[in-house]
Every structure is written in structure tokens, then in C-alpha cells.
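Enquirer: Would you mind keeping the following structure in view while I ask a few things?
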Amino acid sequence: MLLAVASVWSLLFVACETTQRTVVAPAQIAGATYVGAQQCAECHAEVAGHFDGSTHSNLAVNDDNAASSCEACHGPGSLHVAAGGGKGTIINPEKSPETCFQCHLDKRGQFSLPNSHPLMAGKVTCSDCHDPHEGNATKGKGGATLEAESETCTKCHTAQKGPFVFKHNAMIEGCTVCHNPHGSVNARMLAQRDANLCNKCHLERPAVAGNGTIVVGTEDHRSRLMNGTCWVAGCHEAVHGSNSSKALRY
Amino acid sequence: MQAKRIFLLRTAGLMAGATLALSALRLLGAGTDADALPVFESHIKVSGRPASVTGDKAAYQSGTQQPKAGAYGIEEFRFTRELSKDVSLQVDGRALSGAEDYLAQFRLTKNEVGTSEVGYKRFRTFYGGFGGFFPTNRFWAPLTNPKLSTDRATLWAKGTVALPDRPVFHFGYTNELRNGRKDSTIWGDTDFTGIPIWSSNSLNPISANRKIIPSYVELGERHETLEAAMSHTIGGTTFDLRLANDRVNNLDTRFFNRYPGELQPYPNIPSTPATLKSPSVANNAISGFDQQGISSNALSFTGKVSTALSDQMTVYAGVGYQNMDGDISGARINTLSIMTATGVKYLVGGFVDRGRPPYSYQSAGGTMTAKVFTGNVGVDYKPSKDLSLGAAVKGEDLTTNASNPVNYLNTHVNLATGVVTVLSPVYSPNYGKIHEKSWTPEVSARYTGFKGITFYGTASYRTAPADETSTYSSVGPGAVAGPIVSSSSASYANRVKERHDNYKMGANWRVSSYVMLRGEVFRKDHMNSFYDAAIGATGRYLLDTQTEGFQLTATVRPLLTLAFTTRYVGLNAEMHTTVDAAAEYQSADSKIHQFGETIDWTPNSQVYVQGNLNVVFDTTSTSYPRAGGNANIVLHNADNNYWNASVVAGFVVNKATDAQVQFTCYRADNYDASLIATTPSGAGIKDYTATIGLKHKFSDSMAGAVKVGYFDSRCDTTGGFTNYKGPLFYASVDYAF
């Protein structure tokens, strides 16, 4: 076994002994070194000017390490500076989510699930929903910015924006109450795939504890839930809001 | 034998030693890239990704977002040219047939003047079209028209004028389209579940009916935006103005089937004596569609100003106004199949004596309006170079009005005679108005006074009282042989109160060049209450939600060539409801633990290995197990546990060739087939993919890549009906010009 491992190892390395080339994992720039945020600001003043108030500015620490600011995400910038910009000299997170995954490891796992926005297929990018350079990275998330959180979703999902004649008040809390936009094991990126999703807000105290009822809307829904989830055909189909049924039936 | 073993060990030792020596030498020489593979600026990359899928091709497409027939064409095209000393042109393109992935973008830049850009892009998203699987009789009903995909396309033109020391102007137009067909989780009913059906209801404690028939939606959506913006800085003051017109035109139609293949006999099977019924006579088939349309036009204005009063203090303010109006359309047309004494009748909006209403309607023309005033004001104060403080408040006044009167279709059938009578539609008004005023103060702080450490925190408090009024009338069974009737129109007036408290604190500590630690704790305390002003305390609904969590990230680099990044996210949420006069009740308890690990190993400059692992424990408990009795066989906890992992290794093969080996896997084991008293739930999936690829430089202007691999996906949730597997191929040629 030792011989086999050593042989493979040796073949692998001896084969490339005479090659002068560096290979790196995705989202790294081979041969580049850190230059510091001030170098970046010389050309990207607009971005740098807003960065101090952004969520990601909290990541910078007070030391001499240049890698704790712009280059923490964009990679060492020496080649980019030397070339005056250009393709392949700097990491562009819009082209690959690997930069964001370096810290947001959990999001790599979520976007790798079968039910997720097609980030891994390169059809959307992290910055389609998040602004890493200015303000709250998650827009309107309880803060005092002018934008609302739901705008992040409804700019693409306009059918769910409303206003509806009868709105589902869960929409007040935001889309993420029911959906995990980064990915879920469940269809439609649902946080839960069954009636537990609705019960979170709608389960009510039964008349007698443990009496075998599932009380929703003052009625026992046990037999109905036996047939399927809450939003199936004939039940509460209009989950985002309805223009014809106060009970969000259709 | 002994001598041979010693020889082998010695040889292995020598080779290992030589390898280590070479590795060390290579580390010393890291950064010498005389043989670097080229990164082309102006180039065209042509690729092909054929597919050979065994199993469910729709599942393959939705799971991988790759077309079953493969994708071929121009994967990447870029052309850059300096047209003059200060004018440059950049053209980007992509055209992958099969994936229907297209891009054409032209960008013209003139230094110190501005840019103009026009473009078009489009991509396709695939869907599986699954319904539910029932394990008792292995019931599985795929869609008969499984070509499910939607295309998102965007056409845009935009320009920026940025003259030195002048206001920067921006103009833009986008036209986004979303068309195609996607699946829906609003599944229809079936009685073909293998559960016995007796003619006497009392003998059916477990219903045979399960809503697991798949359905789909035809999308036709357009969103146009025309905008003009200006930004200007005078001294320490920056102004931003934006004027935009948004137009939305959507018409989405969901098609569904309920009880397909079922038709009750006439006369119906008597309950005495109790006899077993075939599922094909348990109910009557219904097929139909539900169509919802909106056409809206919104004008919005945003203005922001920011002034640096000193090096320490910046104040800012903003206002926003949006005025939207639009039209609502809708139709829900159900066709009921029903057996009468004179044969089968097919009725739109059909009902029988004292029967349930048909829920088929047509909109009589609806309208909606929305007015939103938003404003904020804030200050950023930096009393020292290490301390940053921020305070802001946002106010919003939102008013929405929407009405959509509908006519319920009303067709009576006499089962004894087979006579069908089309009656006058039943009118039902629908009206809703919301007026909400919200205030959100927010404070934030950051301190960097300790070397290598940053502390930060934010807190916000949102309160949003609102008045909601609505008018509604339901429809229901009428007199024998009479029309369905609409209840008298009722008006509702809800007093709504929202309160959202959000807190977050965190710290980053660069312990040394080898260790970086980040931590953050957060808490959200949200309360929503609704009181029906007319009913009082017995007409209330109150939801109280507390969410607490924290996330920790540690990056440790014990060696120059080795890094570990570990992240843990933990979240605990409780929700409590109070309805009418009842006491508070805990409606939900959610717990999530997410562990993530990335290991980067670069033994030398010509090899890298990266491993990723995510393990998630995610459970939500609502009624189970507290409900007790038969309720506990209807609903269990919602478990969303999974783990996924990937390993990628790249290495230099020779002067002109790099190789990459990749392995990914995903596993979720939440499927609970024992819940036959309801729709079995929980995701149970196993996915594996392994690939090996080579990238080769043919010349300074040409490179190529090939990749081969294998994928295998097995799904318990769908009873294995959506399994797929097969080889994976990819080849590309990249040519610079």
C-alpha cells in the first residue's frame, strides 16, 4: 500500500516537475499579492465611498493585514493593479459564488440542494439579491433603509407582489417566513413541505389538550390534513393572497 | 521474501522522500508562472455537453438544470477593441442551444464621458412536474405533458453620462419576460390510494382521498422599467434622484385535475348494506384552470441627500413616493363530470340539489391602487477613528385599495332527469383596503479600538399600526333545485398592530495570521395582532414570534499550505398564537443547526485540494406529538435534515495541461413512508456525481477542455420514480483572436 501511494504521489509530482505554473482552487488569483484597500479606492472610488456603512464593513479589523478589506473577497489585487484592470486579474464574485462561499459555507450547502435558485448553474448571482458594498446586505431587513425586504424577491416574482384584495398577512413578515431563497430540501424552496408550514402561525389551542384535534381557524382540520397539505386543490390555493376569497381559497 | 519486502519499503521511502523534497522545492518556487495557461481577453469558447440519461429525464433536468438532450454552442464570447484613444467597445455573447441560454451585450465606453450599453439575455429553468407518491399501492401519476420549463428573458438599454465635475446621469430601460410552464405543488385529488372505500362513511376512518395529482402553471409575465437617475456631489453633499416607471403585465394560468378517472354511478351505491366501492366510483372528476391576471403601472420617485458636516459626522435623508394603479382579471373554470339517469353530463360551475358550490367564477373587472410615502433620516458619527455610531429612523405611509367583483357560474343538474339548467350567475363583491403607518428607528455601532478586533451591533424597532377593511360575501348551497346563493355582503374592519424588534451583535478577531474568528448573535421578537373592531376581544388573532440564533466562523491556517474554515449557524424559533378569547398557545418550535467545513490544502504550487462538507439538522414541530390521538398519524414534525459534500482536486499534468477531479454527494433521509394516514412527507434523496477533467493549451491562442463523469440520483420521496443516472460529458475549445 505504501508503495502504491508513494508511486502515485511521485508520478503525479515528477510528471510536472519542470512546469512553472501555479494552479489554485476556484476564486483565487495565482501569483497575486495584497495591495491594500487604498489602491482599490483610487479607481473604484464610488464603491469604496459607500463601503464604510455596509454590512461587510464590519468584517474589517484594525490591523496591518491588507487582506481584511476589499481583497478579502476579491483576492489579492497586485496583478489587477499592474494590468490596470482586466479579465482574470481579480476575482469577480458576479462570475462565481465561490468568493461568497469562502465565509458563507452554509450557503454553498443550500445552493447545492435540488430546490434552489440556479446559482450553481450560473444563471443568477449572489449580487442579484445582495449588495455587498453598500448598506444592509439584505435589503430592508428590519432596518431604516428606504427599500423594503420584499422588493428583493418581487422585482423578479411580480405575480406575488400584489396588492391583493385579500392579502396573506404572512407577507408582512416577508417571503422568508415560508421560503428559504438559498435552497431547501423541499419543492418551491419551502421551509417546511407539509402543514407544519402553515401551522407555525395558524395552529390554535385545542379545547382539550391532546384530544386528537388540529385546530386551525377555530375548526379541527385533522381530517382535511389527512388528504394533503393546506394549499392543495380545493383548499387554500391562493397562499400569497387572493382577489376573490377572504379565506384564500382561490 | 524478506529481502523483497525491504527493497519495496526502501523504494517507497526513497520515492516519498524525493516527493517531499520536490514539494518543498516547488513551494519555494511558488509564484513562478512562466507556463501559466492563458486567460483570453477577446475570444470565443465553443462547447458541447451531450447527455445520456437513464431514468426520469424530467427529474434530471430539474435536478441538474441541464437539458436532457444536451447543450451545444458558444459558451462564451468576448470582443474588446480600443476604437480610439479614449473609446472602447466590449461585446459579450453566449448562445447555448438546448439550454436556451443566450446573451448579447454591447458596451461602449468613452473615458470621462460615460457608457452606453444594450443587451439581451435569456435562460431556461427546468421543472420536474411531480405530484405526490403514495406507498401503499405505489401510486404515481406523472403529468402527461411533462415539458416543463420557463424562460426568463431581459432586453435592456442603458446609458450613463459622467462628465468630470458634473452631475452623473443614468438612463435605462429593461423589459423582462417570463414565459413557459412550471409545475405547482397545488396538487389535485385521487382515491386510487389502495385504501378500502366503504359505501358507509362510518366505516372509513382513514380517508382514501389524497391530494397528490400533479398540476402545472402556464406563465405569461412581463415587467418593464423605464428609469432616469441623477447623482451629483457638491462639496461634501451628494444628491441622488431617481424617477422610474414600472409596468407589470401578467397572465398566469394553473391547470389542475381532481379525481381523474373517477365517476360516481347513478343512483349512488347505498350505504346499507355496507359494500366496498371501487375508487373509480368514489368521486366525480373535475378538470379546470385558475387564471389570474394583473396589469399595473407604477410611477416612483426617490431622492436622497447626504452631507458630511465634518470629518466625524455625516447626515443623510431620503424620501420615496410610489403611486401604482392597475387592473385585476381572473377566471376559475371547473368542468365537472357527473352521471345522471340519462348519462354523463359535463358542467361548468355545475351543482346538484343542496350540493356544494362549484367555485367557478369570472371576474367582472377588478382594480387596484397603491400609494406609498417613505422617508428616512439618519446620522453617522465617528467620534474617534475607532468608533462609529449610527442612528436613523424610517417612516412609511402605505395605502392600498383593491376590488374584484366576481360572478360565480351557476349550472344546476337534476340527477333523476338529467336536465341541465343554466342559472343566472351569482354576484359576489370583493373589496379590501389597507392603511398602514410604520416607524422604524435603528441604531448601530462599531468599535475597532483593539488591534485585530472589531465589535459591532445594530438594533431596530419597527412598529406598524394599520387599519384593514374588507367586504366579502361567500357562496354556498341554496334551496332544492334553486341556485347557489351568495351570503349577504359583510364588511370587516381589522385593527392591526405589528411590532418587530431586531438585535444583532458580533465580533471579528484576527488572533494571528493563522487564526481568524468571527461570531454573531441575533434576536428577533416579532408580534402581529389583528382585532376585528366589530367583534372585539373574541375576534382577535395574535402571533408572537421569538427567534434567537448565533453564527460562528473560524479560519485556521496551521500551515502555509493548509486552511480550515468552520462555520456553525444555530437558530431556535418559537411561535405563539392567541385566538379569540382562548389563552396563548405555542404553535411552533423550530431548531436548526448547520455545520459547515471547508478544507483547502495546497501541498505545492501545482496541486490543490478543497473539501467541503455541510451537515444540517432542521426540525419544526407544531401539533405533533401534543395533538394526541389520531392527529398524530396525520402530521409529524417537519424534518429537513441533510448533508452534502464535495471534494475538488486540481493539479498540473504537464506544461500545457491541467487536470481536475471532482466528487459531490447529497443525502437527505427524512422520508417517512409510515404516514399512510396522510400524504407521506419528508425528502429522501441520494445524489452522487464524479467527474474528471483536463484543460489543455494547444497554442498561445487556443485552449481546450474535456470532462467525463457519472451521476446517480435516487429519490425515496417519489418512490424511485424520479431516479436517474448516466454518464456526463463536456468538451470545449477556446480560441483567442
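The values are calculated or read from the model by the stated rules, or taken from the named source; none is laboratory data. Keep in mind the model is a prediction, meaning the values are calculated, not measured. Cβ: placed from backbone, ideal geometry, glycine included. Neighbour counts: every protein chain shown. Protein only, heavy atoms only, side chains kept; ligands, DNA and RNA dropped before computing areas. Shrake-Rupley method; radii C 1.70, N 1.55, O 1.52, S 1.80 Å.
Enquirer: Taking the alpha-carbon centroid of each part, what is the distance from the stretch B:554-599 to the stretch A:213-250 in angstrom?
Expert: 30
Enquirer: Separate question: At most 16 other Cβ atoms within 10 Å and a DSSP loop assignment: could you name the GluC sites (Glu not before Pro) in the stretch B:567-624 that fit?
Expert: Loop-located and lightly packed - B:E584.
Enquirer: Equivalent-ellipsoid semi-axes (√(5λ), Cα gyration tensor) for the protein assembly as shown, whole Å, largest first?
Expert: 52, 37, 28
Enquirer: Taking only protein heavy atoms into account and a 1.4 Å probe, give the accessible area per residue of chain B in Å².
Expert: 47
Enquirer: What aspartates and glutamates does B:K697 reach when the alpha-carbon gap must be under 19 Å and sequence neighbours fewer than 8 apart in one chain are set aside?
Expert: Cα-Cα hits under 19 Å: A:E17, B:D33, B:D35, B:E41, B:E75, B:E76, B:D658, B:D734.
Enquirer: How far is helix A:2-14 tilted, in degrees, relative to the longest principal axis of the Cα atoms in chain A, given as a value from 0 to 90 rounded to the nearest 10?
Expert: 70
Enquirer: Taking both sides together, what accessible area is buried at the B/A interface, probe 1.4 Å, expressed in Å² and rounded to the nearest 100?
Expert: 12000
Enquirer: Karplus couplings for the stretch B:507-523 from phi (6.51 cos²θ - 1.76 cosθ + 1.60, θ = phi - 60°), rounded to Hz, Gly and Pro as x?
Expert: Karplus values, whole Hz, x for Gly and Pro: 8, 10, 9, 8, 4, 7, 5, 9, 9, 10, 10, 9, x, 8, 10, 9, 9.
Enquirer: Please go through the stretch B:375-469 and write out the trypsin sites (Lys or Arg not before Pro) that DSSP classes as loop and that have at most 11 other C-beta atoms within 10 Å.
Expert: Passing sites in the stretch B:375-469 are B:K385, B:K451.
Enquirer: Would you kindly calculate the translational diffusion coefficient of chain B, applying Stokes-Einstein with the Kirkwood radius from alpha carbon pairs, for 20 °C and a viscosity of 1.002 mPa s, and quote it in µm² s⁻¹ without decimals?
Expert: So the translational diffusion coefficient is about 66 µm²/s.
Enquirer: Towards the positive end of the charge dipole of the stretch B:343-427, with charges on Cβ (+1 Lys, Arg; -1 Asp, Glu), say which of B:Y381, B:L398, B:Y427 has the farthest Cα.
Expert: B:Y427
Enquirer: Please get the size of the charge dipole for chain B, origin at its Cα centre, with Cβ charges of +1 on Lys and Arg and -1 on Asp and Glu, quoted in debye to the nearest 20.
Expert: My answer is approximately 1500 debye.
Enquirer: What lysines could a cross-link reach from B:K277, if we take a straight Cα to Cα line under 25 Å and drop same-chain neighbours fewer than 8 places away?
Expert: B:K211, B:K345
Enquirer: At what distance in angstrom do the alpha carbon centres of the stretch B:36-78 and the stretch B:684-735 lie from each other?
Expert: First find each Cα centre; the distance between them is then 10 Å.
Enquirer: List the residues whose amide H sits under 5 Å from the amide H of B:D716, counting only those 5 or more places along or on another chain, with H placed 1.01 Å from N in the peptide plane.
Expert: It is B:G684, B:I685, B:K686, by chain and number.
Enquirer: Based only on the alpha carbon positions, what is the Kirkwood hydrodynamic radius of the stretch B:46-111, in angstrom?
Expert: Roughly 13.9 Å, rounded to one decimal.
Enquirer: Next up: Who wins for biggest fluctuation among A:L119, A:L59, A:L197 in a Gaussian network model of chain A, springs between alpha carbons below 10 Å?
Expert: Maximum fluctuation in the GNM of chain A, among the listed residues, is at A:L59.
Enquirer: Anything losing 20 Å² or more of accessible area from the isolated chain to the full protein assembly: pick those residues out of the stretch B:647-669, probe 1.4 Å, ligands and DNA/RNA ignored.
Expert: Checking the loss per residue gives B:F651, B:V652, B:V653, B:K655, B:D658, B:Y666.
Enquirer: So, one more: B:S280: accessible area at probe 1.4 Å, nearest 10 Å²?
Expert: So the heavy atoms of B:S280 present about 40 Å² to solvent.
Enquirer: Could you list the trypsin sites (Lys or Arg not before Pro) in the stretch B:108-216 that lie in coil according to DSSP, counting only those with at most 16 other Cβ atoms within 10 Å of their Cβ?
Expert: B:R138, B:K147
Enquirer: Moving on. Would you grab the residues whose amide H sits under 5 Å from the one on A:R205? Only those 5+ places off in sequence or on another chain, please, with H modelled 1.01 Å from N.
Expert: B:V579
Enquirer: Report, in whole Å, the centroid distance computed from the Cα atoms of the stretch B:367-388 and the stretch B:202-244.
Expert: Between the Cα centre of the stretch B:367-388 and that of the stretch B:202-244, the gap is 24 Å.
Enquirer: If you don't mind, another one. Grab the other residues whose beta carbon is less than 12 angstrom from that of B:G70, score K and R as +1, D and E as -1, and report the net.
Expert: Surrounding charge for B:G70 is +3.
Enquirer: What is the percent of Cα-Cα separations in the stretch B:289-410 that go past 21 Å?
Expert: 64
Enquirer: Something else now. Quick one: 3J(HN,Hα) in Hz for the stretch B:117-127, Karplus 6.51/-1.76/1.60 with θ = phi - 60°, rounded, Gly and Pro as x.
Expert: Calculated HN-Hα couplings, in order: 8, 10, x, 8, 9, 7, 8, 10, 10, 9, 10 Hz.
Enquirer: Name the residues of the stretch B:169-190 whose accessible area, probed at 1.4 Å, falls by at least 50 Å² once all protein chains are in place instead of their chain on its own?
Expert: Hits at the 50 Å² cut-off: B:T185, B:I186.
Enquirer: Given the stretch B:111-177, report the % of alpha carbon pairs whose separation exceeds 18 Å.
Expert: 64
Enquirer: Which ³J(HN,Hα) values, rounded to whole Hz and listed in residue order, are derived for the stretch A:72-78 from phi using the Karplus coefficients 6.51, -1.76 and 1.60 in 6.51 cos²θ - 1.76 cosθ + 1.60 with θ = phi - 60°, glycine and proline given as x?
Expert: 4, 9, 8, x, x, x, 4
Enquirer: Can you give the three extents of the C-alpha atoms in chain A along their principal axes, from longest to shortest, in whole Å?
Expert: Principal axes ranked by extent give 77, 57, 31 Å for the Cα atoms.
Enquirer: Another question, if that's okay. Past the 26 Å Cα-Cα mark, which pairs from A:K155/B:K437; A:K200/B:K504; A:K87/B:K382; B:K371/B:K497?
Expert: A:K87/B:K382
Enquirer: Tell me, what is the per residue accessible area of chain A in Å², probe radius 1.4 Å?
Expert: Each residue of chain A exposes 43 Å² on average to a 1.4 Å probe.
Enquirer: Expressed as a whole percent, how much of the Cα-Cα distance distribution for the stretch B:130-252 exceeds 26 Å?
Expert: 56
Enquirer: Over all Cα pairs of the stretch A:153-242, how is the pair count split among 5 Å bins, expressed in % and running from 0 up to the last occupied bin?
Expert: Taking every Cα pair in the stretch A:153-242, the percentages come to 3, 12, 20, 24, 19, 12, 7, 2, 1, 0.
Enquirer: As I understand it, the value is the acute angle between the Cα axis of helix B:2-28 and the longest principal axis of the Cα atoms of chain B; what does it come to in degrees, rounded to 10?
Expert: Helix B:2-28 sits at roughly 90 degrees to that axis.
Enquirer: Something else about it: Cut-off under 18 Å on the C-alpha distance; same-chain residues fewer than 8 positions from B:K385 excluded. Which lysines are left, in chain and number order?
Expert: Hits, sequence-local ones excluded: B:K451.
Enquirer: For the protein assembly as shown, which whole percent of the accessible surface, found with a 1.4 angstrom probe, sits on carbon and sulfur atoms?
Expert: Ligands and nucleic acids excluded, carbon and sulfur give 60 percent.
Enquirer: Next question. Given the rule -39500 (n - 2.57) for each run of at least 4 DSSP H residues, summed and divided by the residues of the protein assembly as shown, what is its mean residue ellipticity at 222 nm, to the nearest 500 deg cm²/dmol?
Expert: Estimated from H runs of four or more residues: -3000 deg cm²/dmol.
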